[in-house]
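Worksheet: one structure, shown below.
The values are calculated or read from the model by the stated rules, or taken from the named source; none is laboratory data. Small disclaimer: the values here were computed from a predicted structure and weren't measured. Quick reminder, even Gly has a Cβ in these numbers, built from the backbone with ideal geometry, and neighbours come from all protein chains shown. Protein only, heavy atoms only, side chains kept; ligands, DNA and RNA dropped before computing areas. Shrake-Rupley method; radii C 1.70, N 1.55, O 1.52, S 1.80 Å.
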Amino acid sequence: MMYMSVLNKSFLHKSKNNIIFFIIYSLLFLVVIKTFGYIAPFFIGGLLAFIINPLSQKLERKFKINKGISTLFLSILGVALVIFIASILVVKGSHQLVEFLNDIDSNSYSYFGTMVNDWIDNLSKYMDYIQGISNNSINVQDLVSRYGNNLANIAKSMLTKTIDLATSLPTLILIIITLFMSTYFIAKDFDKIGYGFLNIFTDETKIKVRRVKSEIVYSVKGYIKAYAILMSITFLVIWMSFLIFKIPYGLPLGIIGALLDLIPFLGIVVIFVPVIIYYFIIENYFVSIGISIVFIALSIIRQILEPRLVAANVGISPLSTIIAIFVGIQVAGMLGIIFCLGLLVMHDILKKVDIL
């Protein structure tokens, strides 16, 4: 066949391996995503065990504390910390959301509706040009009435569901017990699990598997470090800017904004845009313009820093990182970014250990 004489055998072999790698990686990723609701306590427990194990070993070496006891103590501490953070986020977030929704009275809705209708009348004049060249009619008023009038109801509905879930004590107790047990036993037998996994390979393959493990640990730590820096910047900018402009709820909104910052093009938008619109509606243009400037500046800084930080801490090129982030966003948002960056990192690791 013609391509056999044109293409290098080494290239064909590598292409075959890359295709197999892509298929296996995609299937594993899909399985994890589809079953995450069932494996979440064990996944979080594994992450906690990964953090606890080296701490437990240090306590055993330096202070001669039995590993079982230190692991038990650290497991309780780790699970308690996770529960505490989750509880603070749910309780504080729910409380602030209820206060915010209750502060918006009917007069505010009426005033907002009048202003929106004025905007729609002006906007509709320009939309006529678009409608003239479009096959599909664009009804701005229909879009606004469909998606704009029920925002408060949607927020309250989501809040009700969150509270219902949080108050489901039997489920919560089962999750907490499962999380604690999985954390403790994985951390306690961490080395045994590792040795048992290695024993299924030949001696030659064990060396490569160890190298893959060390590279994965390095990449995971780098990824966490990179996004911890980005989230810290987001938190500080939101908190300090809200403090300077005397906007209430700066601290909880800063925390929520930092967590939502993991979602591209949505995180800081959810925090800043409603605030900008609200202060514009009440004719406090100084705060509205000031927060708009902060929002634009933070967006630019984040877009510049994200590829550089990920590349520097994970060990992949900035260009590859930008491509992975862009393609991931287009395909599936945050999940797409995780998939593409994970694919890129794993491919790089397997190349380093001469598997690909």
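Just a few scattered comments:
- Note on the range 281-307: among residues that are open to solvent by less than 90 Å² (accessible area, probe 1.4 Å) and of a type in the set (D, E, K, R), the one that is modelled with the lowest pLDDT is E306.
- Close pairs (7 angstrom Cβ cut-off, 6 or more residues apart or separate chains): closer than 24 Å to T71 by Cα in the range 185-213, basic (K, R) and open to solvent by less than 100 Å² (accessible area, probe 1.4 Å) anywhere: L198/K206
- Looking across the range 323-339, the residues that are of a type outside the set (A, V, I, L, M) and within 14 Å of the chain's Cα centre (by Cα) come down to G328, G333, G336, F339.
- Near pairs, Cβ below 6 angstrom, 6+ apart or cross-chain, from the range 329-356 (open to solvent by less than 70 Å² (accessible area, probe 1.4 Å) and modelled with pLDDT of 75 or more) to any residue that is not in a helix (DSSP H, G or I) and not hydroxyl-bearing (S, T, Y): I329/P264; L344/I316; D348/I316; L350/L356
- Taken over the range 222-243, the residue count meeting the criterion of being touching a residue at least 24 places away in the same chain (Cβ under 8 Å) and open to solvent by 70 Å² or more (accessible area, probe 1.4 Å) is 1.
- Of all the numbered requirements in (1) free of Cβ contacts under 8 Å to residues at least 60 places away in the same chain; (2) surrounded by 17 or more Cβ atoms within 10 Å (Cβ to Cβ); (3) under 29 Å from I24 (Cβ atoms), F326 misses one, and that requirement is (2).
- Any chance L236 is touching a Gly at 6+ places or on another chain (Cβ under 8 Å) and either assigned to a loop (DSSP other than H, G, I, E, B) or modelled with pLDDT of 85 or more (or both): yes
- In the range 277-284 there is no residue that is hydroxyl-bearing (S, T, Y), within 28 Å of G328 (Cα to Cα) and part of a helix (DSSP H, G or I).
- Some residue of the range 203-218 being β-branched (V, I, T), more than 27 Å from L59 (Cβ to Cβ) and open to solvent by 80 Å² or more (accessible area, probe 1.4 Å): yes
- Breaking point among (1) open to solvent by 60 Å² or more (accessible area, probe 1.4 Å); (2) modelled with pLDDT under 85, for F42: (2)
- Filter result (open to solvent by less than 70 Å² (accessible area, probe 1.4 Å) and either under 13 Å from I338 (Cβ atoms) or aliphatic (A, V, I, L, M) (or both)) within the range 20-32: Y25, S26, F29, V32
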